[in-house]
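So the structure is just underneath, and the comments pick up after that.
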Amino acid sequence: MKVNFREIDPFNSWIWIRFANVPGQGEKNYIDGVFDSWYVIGRLGGFNSANLQAHDYGSDLSWMSYENAESGSVLPSLMHNIGQLEYQGDWARCWVDLGTCDALAIDVLINSLKQVDVDIVELNEVVIGGVNDDWPVEDHPDSIFPSQGERRV
């Protein structure tokens, strides 16, 4: 699975997935579930790289002391909104307002889709941001900050 990045507006971006073949309904349902789960974690502040205490602690977590005061002192990192996945042939796309969540969210999504590619359905490409010439986008109705016209990358 190839991963490409294009221009990204954290408050108004598209994520594109190109399948090896046109996905069936079961495969679409699975991808929808991945994005729904990813959004729920993001909406609840799970992608906050300023509070990765267990990760930063190291490999032996036994008897680790978790500092609640430290976790409460970091700024929230919340994903704002996500659209429904749309499918057209061997492509899928999803609009997302990443809000203030960290780039960790993108890494988690890519890691998840890599495993989907291995276990569920073959994915040729994931593109973060930008637009595709053959599938034009308009401002998403849930976008708080509309784009300044269509951007091509």
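Each reported figure results from applying straightforward, stated rules to the coordinates on display, with no laboratory input. Because the structure is a prediction, the values reported are computed rather than measured. So basically every Cβ, Gly included, is an ideal-geometry build from the backbone, and we count neighbours across all protein chains shown.
I need the full set of residues from segment 77-99 which are in contact with a Cys (Cβ under 7 Å, 6 or more places away or on another chain), farther than 25 Å from Val121 by Cβ and buried (at least 18 other Cβ atoms within 10 Å of the Cβ), in order please.
If the condition is that a residue be in contact with a Cys (Cβ under 7 Å, 6 or more places away or on another chain), farther than 25 Å from Val121 by Cβ and buried (at least 18 other Cβ atoms within 10 Å of the Cβ), then Ser77 is the only one that fits.
What residue, among those in segment 115-132 that are of a type outside the set (A, V, I, L, M) and over 16 Å from Pro23 (Cα atoms), is nearest to the chain's Cα centre (by Cα)?
Residue satisfying both the conditions and the ranking: Gly129.
Can you report the number of residues in segment 98-114 which are among the charged types (D, E, K, R) and within 19 Å of Phe19 (Cα to Cα)?
Number of matching residues: 1.
What residue, among those in segment 62-76 that are of a type in the set (S, T, N, Q) and free of Cβ contacts under 8 Å to residues at least 12 places away in the same chain, is surrounded by the fewest Cβ atoms within 10 Å (Cβ to Cβ)?
Checking each candidate, the answer is Ser62.
Just to verify a result, which residue in segment 31-61, among those that are touching a helix residue (DSSP H, G or I) at 6+ places or on another chain (Cβ under 6 Å) and of a type in the set (Gly, Ala, Ser), is surrounded by the most Cβ atoms within 10 Å (Cβ to Cβ)?
Checking each candidate, the answer is Gly42.
If I ask for residues that are touching a Gly at 6+ places or on another chain (Cβ under 7 Å), of a type in the set (A, V, I, L, M) and surrounded by 16 or more Cβ atoms within 10 Å (Cβ to Cβ), which ones from segment 1-30 would you list?
Ile8
What about Val121, is it touching a Gly at 6+ places or on another chain (Cβ under 9 Å), of a type in the set (Val, Ile, Thr) and under 27 Å from Glu138 (Cβ atoms)?
Considered against the rule, which asks whether it is touching a Gly at 6+ places or on another chain (Cβ under 9 Å), of a type in the set (Val, Ile, Thr) and under 27 Å from Glu138 (Cβ atoms), Val121 comes out as no.
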